[in-house]
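Contents: one structure, followed by commentary.
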Amino acid sequence: MNIEGLKPKEIQERIFEEIAKGANPDTLKMDLKAKGVPVEGYYFSTKTAHEQEVSLPAEPAGQLTGWQIFWGVVTVIVLVLRIARCSSRM
């Protein structure tokens, strides 16, 4: 795969084309690494599979739901009450 003088978007299009033709993604990765191109920024799948994956709704990492927050608050209140009760017994 000739990638000399290509921009990253053009390289990504070439990767999509090669995989659509039936090329092995691992071979393409090794080829790009040999040419000094970092492979971490590219998607090694077909264009339709990539667009389908991107179009799926995603939940941000670390996002808490309402129920998780509710039970967290209840747990903290129960712990505070237990500590207060134990402290008053001493």
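Read the figures in this text as sums done on the coordinates, not as results from a lab. Given the structure is predicted, the values throughout are model-derived calculations rather than measurements. Counting neighbours? That spans all protein chains shown, and the Cβs are built from the backbone with ideal geometry, glycine included.
Brief remarks on what is shown
- Angle between the chain longest axis and helix 8-21 axis [Cα atoms, degrees, rounded to 10]: 80 degrees
- Qualifying trypsin sites (Lys or Arg not before Pro) for the range 1-79 [loop in DSSP, other Cβ within 10 Å: at most 13]: LYS35
- Between ALA58 and GLU17, full extension at 0.36 nm per residue minus the direct alpha carbon distance yields a gain of 12.1 nm.
- Most fluctuating residue given options LEU56, LEU79, LEU28, as computed from a GNM of the chain linking Cα atoms under 10 Å: LEU79
- Selected from GLN12, GLN52, GLN63 as most flexible by GNM, with the chain as the system and alpha-carbon contacts under 10 Å: GLN63
- Among VAL76, VAL37, VAL54, residue whose mean-square fluctuation peaks in a GNM of the chain (springs only between Cα atoms under 10 Å): VAL76
- With the charge dipole of the range 1-58 set up from +1 on Lys and Arg Cβ and -1 on Asp and Glu Cβ about the Cα centre, the Cα lying farthest toward the positive end among the listed residues ALA34, VAL54, ALA20 is that of ALA34.
- Overall form of the range 1-58 per C-alpha gyration tensor (a/c, 1.5; a/b vs b/c): prolate
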